1. Is the stretch 129-147 home to any residue that is touching a residue at least 12 places away in the same chain (Cβ under 8 Å), farther than 18 Å from ILE234 by Cα and of a type in the set (Gly, Ala, Ser)?
2. Based on what the data block shows, is ALA83 farther than 19 Å from TRP150 by Cα, aliphatic (A, V, I, L, M), outside the structural domain of CYS176 (by TED's automatic domain parsing) and surrounded by fewer than 14 Cβ atoms within 10 Å (Cβ to Cβ)?
3. Considering (1) in contact (Cβ under 8 Å) with a residue 24 or more places away in the chain; (2) touching a Leu at 6+ places or on another chain (Cβ under 8 Å); (3) within 13 Å of PRO79 (Cα to Cα), say which one GLY30 fails and leave the rest.
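The values are calculated or read from the model by the stated rules, or taken from the named source; none is laboratory data. For clarity, every value in this text was computed on a predicted model and none was experimentally measured. Cβ sites come from the backbone with ideal geometry, for glycine too, and all protein chains shown count toward neighbours.
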Amino acid sequence: MTMPPTPVTLTLLEKVAVDNGFDRELPRQGDWLGFASTHVPLRLWLATLADTVYIAALSQIHVARALGEYGTPLASPLPAGAAAARTVAYVPALHRLVRRAFQLSKNLPDELLHDFEQKTAALPRTTKAERLVVQRIGQDLFRDKLLEFWEGRCAITGLAVPDLLRASHIKPWADCATGAERLDAFNGLLLAAHLDAAFDAGFVTVEDDGVVVVSKALDGAARALLGLDRPRRIRGLQDGHRADLPWHRNMVFRDRVERLTPTRTGDAGE
């Protein structure tokens, strides 16, 4: 059972919400404090089970499922509008959970496409140079979202130097049929520059369970220099990633194909 928040707890929960992007207050439901955001569609409710047990209820089930190690699922009665909830035992852990939920909601494909359309609505697309400007905006937005989703770390090595990280499409930009597909944050991995090049060239691929597979085309010396001479695994893959990874394994990975056939190009809005 939830507990009525004390004045101190009330202030604490409000700070957790506001500090992590939830800048609108929703009507209170019993012991639940409700929040929304002007930046993401996710709604959030916070409550306590005990002095040191905090609950975050979320309106988007796919966000809750993607939280992984952030907290423990809770099946008790939820506030109206909530789809799932998770508990944590410490305030810093609550901050991390709420911040991660915000990031995941912000990375939904439709949200990114909406941002792109707003930023490029008035831009001409007649010439090749103009279309390249539009494409660059889409690619920059895509990279920003991957930096958020992967929390500024290479998905394979954990390297946390943004200038050395690249937004790597699983299914390349040119092979995507729509703008939504090109700007789907789940159609991308944030990788260190050398691994981005290896992934793009088909020297590495990723299984649906996150295991990194290295091509036979790389000998032992090359694997060691690339840091691929030991087992690697990506944690945090979502179903959205798994929708495109088979394409990369079948069409790009060198152990499956000899080479890629050049395909059409286009901007994100096509």
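1. yes
2. no
3. In the conditions (1) in contact (Cβ under 8 Å) with a residue 24 or more places away in the chain; (2) touching a Leu at 6+ places or on another chain (Cβ under 8 Å); (3) within 13 Å of PRO79 (Cα to Cα), GLY30 misses (2) alone.
Residues checked against (1) at pLDDT 90 or above; (2) on the phi > 0 side of the Ramachandran plot:
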site: TRP45; (1), (2): yes, no
site: ALA50; (1), (2): no, no
site: TYR54; (1), (2): yes, no
site: LEU58; (1), (2): yes, no
site: GLY68; (1), (2): no, yes
site: THR72; (1), (2): yes, no
site: ALA82; (1), (2): yes, no
site: LEU97; (1), (2): yes, no
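Residues checked against (1) of a type in the set (A, V, I, L, M, F, W, C); (2) in contact with a His (Cβ under 8 Å, 6 or more places away or on another chain); (3) surrounded by 18 or more Cβ atoms within 10 Å (Cβ to Cβ); (4) in the same structural domain as TYR70 (by TED's automatic domain parsing):
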{"position": "PHE149", "(1), (2), (3), (4)": "yes, no, yes, no"}
{"position": "GLY158", "(1), (2), (3), (4)": "no, no, no, no"}
{"position": "ALA167", "(1), (2), (3), (4)": "yes, no, yes, no"}
{"position": "ILE170", "(1), (2), (3), (4)": "yes, yes, yes, no"}
{"position": "ALA192", "(1), (2), (3), (4)": "yes, no, yes, no"}
{"position": "PHE203", "(1), (2), (3), (4)": "yes, no, yes, no"}
{"position": "LYS216", "(1), (2), (3), (4)": "no, no, no, no"}
{"position": "ASP219", "(1), (2), (3), (4)": "no, no, no, no"}
